[in-house]
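All of the numbers you see were taken from the coordinates with simple rules; none came from a lab. Since we're looking at a predicted model, the values are computed, not measured. With ideal geometry, Cβ positions are generated from the backbone for all residues, glycine too; neighbour counts draw on all protein chains shown.
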Amino acid sequence: MKFRAAGVSSWVLIAGISIVCGVFIFFISRFLFPTEAFLGESYAVLAVDEFQDDRRINEMLAAGGMDNFFSESSMFVPIDDFGTIRQIPLDSFHNEIESYDPRNIGYADELRLFFVRDGKRFFFSPVEENIANLRKHISAILDDIPFTLSVLGRKESVLLYLVFLSAACLAALYLTNSRRLFAAQIPVLIAIGCMGSISIVLAVVLAGLWELLRGPLKELFAIQYYKNSRFNYAGNGVKGFLQRLKPFRLNLILVLFFLILLPVFSITGFLSPLLLSVVFASFISLYLLSFKAETERSRKVQHILFTPVVLAPLRTKTFFLFPFLLPFGIVALFVLVSLQFFPGFLSLPQKETSLDPLYLDSRYFVSPEKYYDHLAFQRSFSYRSLNHSSQEALNQEDYMRYYLAEDGLIGGYTYHGISDEIGEFRLNQPPPEPIFPMEKLMDFLVNYDKQNAGKALDSKPAALPVIQTELISVVILLVFCMLDLLKPGIVTRRKIQTFGDKRIAA
C-alpha cells in the first residue's frame, strides 16, 4: 500500500483500518466461533433417549477421546461376595443380583434413577475444553444419535475482560515511547477480550511481540533511504540484512518463543485456528502499515529514522518489556485474585439452561453417605443374621458368638459386636477401601442447586481452569520482564563509515 497523503491523513486511514479489524475480530469470535467459557468447575450433561445402549455410547465417547463420562454403564455397585467385595456394573446389576437378594438394600436402584428416568438417559462429565468445541466434538462422535447437551456452571463475563484490556492498553500507551505505532494495535487488543480468560494471555503475547519487533522493523524500514548510498554501513543482500539485525539477536530469539505460543493455543483447544490466524494477520498488517506511515512522515519532514550504530564492543538495550507489559500483568493478577477470593465477580448471573429442571431435582442426587452406608453393610453382611430385615440388620448392635470347650464341642457363647468382628476381619485381611467415584459431581450439583435456588454456597466453587490460564500470563510476564533486565551480547567492532549515514556516532 502506498500512502499518497502525508502525516495525519495516512494515520487517519490506519485508524480506520484498525477499528474495522477490531470490529471484525469481535464479530467472528462472538458469532462465528463462539468461545463460551465457564469460571471454576463446570459439568456437561449429555442426554439421549432412554432406549439407547448406554455402554455403546460410552464406548463411542471413549474412542473419541472422551472417557471421563459418568453414566449407568461406567458405575459399579460393591456387593459382598462372602469374604471379598465384588464390583458389579450398574447396568448389569439386576442380571446378577435378584431383587429379593438380602444384599440388595436399594442403593443400586437409587443410583440408576439418577442416570435413567423420564424417558432420558444421562451422561455427566467435567468440562475440560471450550464449550463450542465440546458440542462439535460430541456431535461428530455420536453421528446420527439425537442428543441434547447442557453445561452447568458460571459463565465468564466478557464485558469485564473488554474493560480490563482497555485499561491495560491505555496504560501501556502512556508507558511506551512509540505511541502512534502502539495506538494502531489497541482496537485489536481490546477486541480479543471477548474470547474470555485466554484473551489476557493472548494480549500479553501480542504486546510482547510488538515491543520485541519494534527495533528490528525500525532498522529494516530505514534501509530504503540509504541502501544505495556509499555510506551504507552494512551493505546489501542477505549479508547486509543479517548485519543490520545482529544487534537484535536476543529480540528475535524471544520473538520465536512468543510465536511458538500462538499455535499452542490452538492445539490445546483454547482458540479456533482460523480465529487466531485472523487476529495475528490483523496484528502484523497494522504493524507494517504503521511503520510505513511513520517512514512516510519522516520522509516528508526530511528526517530519517534514527537508530544508534554500535561502534565498539558494547552492551546495548534493544527492547523494553518492562514497564511496558506491567499493565497487562496487573490485570492478570487482579483477575487471579478475584477468582480466588471473589469467584462471583467475573461471572454472569446463572441463566436457565436447556436442561429440564426436573432432571436436576435434588431428590435424585445420590449422596456419598448413601454409598458409604451401602459399602459398610456389604462388608458386614457375612456376619449379620438373616432373620432380620435389611434395615434391622444394619442397626443390629451384636450377636452370639460360640466358642469351643476342651473336648472340642461347643462350650457356650458370648455376645459380640458387629463392629468388633469387622475390626478383627480387617486386621487379618484388609478389604479394599473404594471411595465414592461421584463425590465431586454430587458436591457440585448440591452447590449448583442451592445457587439456583438463591441460597449461599456451602463452599467456594473451584476456579482452577481459569486460574491456571491467568497463571500462564503472569509467568510469561515475570519471565520476560526479568529477561528485559539482561544485557544483550557483546557486538564486535567492525569498519563502519558514519559520515552522511542515517546514523550518528556520538
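Quick notes on this one:
- Computed from the C-beta positions of SER285 and LYS440 and an R0 of 51 Å, the FRET efficiency is 0.65 to the nearest 0.05.
- Förster radius 22 Å - calculated FRET efficiency between VAL23 and SER150 (Cβ-Cβ, nearest 0.05): 0.10
- Computed E for ALA376/SER139 - FRET, C-beta separation, R0 56 angstrom, nearest 0.05: 0.85
- Computed extension length for GLN243-SER277: 9.2 nm, one decimal, from 0.36 nm per residue of separation with the Cα-Cα distance subtracted.
- Residues whose amide H falls under 5 Å from that of ARG154, counting only those 5 or more places apart or on a different chain, are LEU39, with hydrogens built in the peptide plane.
- Cβ crowding within 10 Å ranks GLU406, GLU72 as GLU406, GLU72, fewest other Cβ atoms first.
- When each of LYS155/LYS450; LYS155/LYS370; LYS155/LYS440; LYS120/LYS155 is checked by Cα-Cα distance, pairs over 23 Å: LYS155/LYS370; LYS120/LYS155
- Residues THR176, THR148, arranged from fewest to most other Cβ atoms within 10 angstrom of their Cβ, appear as THR148, THR176.
- Pair ASN177, ILE97: separation of 7 Å Cα→Cβ label points (nm): 7.6 nm
- Over 20 Å (Cα to Cα) - which of LYS246/LYS292; LYS218/LYS239; LYS239/LYS292 fall in this group: LYS246/LYS292; LYS239/LYS292
- Ranking of LEU165, LEU409 by count of other Cβ atoms within 10 Å, fewest first: LEU409, LEU165
- Annotation for the range 109-209: GluC sites (Glu not before Pro) lying in DSSP loop with at most 12 further Cβ atoms inside 10 Å of their Cβ are GLU128.
- 5 angstrom amide H check on VAL127, placed H, neighbours 5+ away: SER42, TYR43, ALA44
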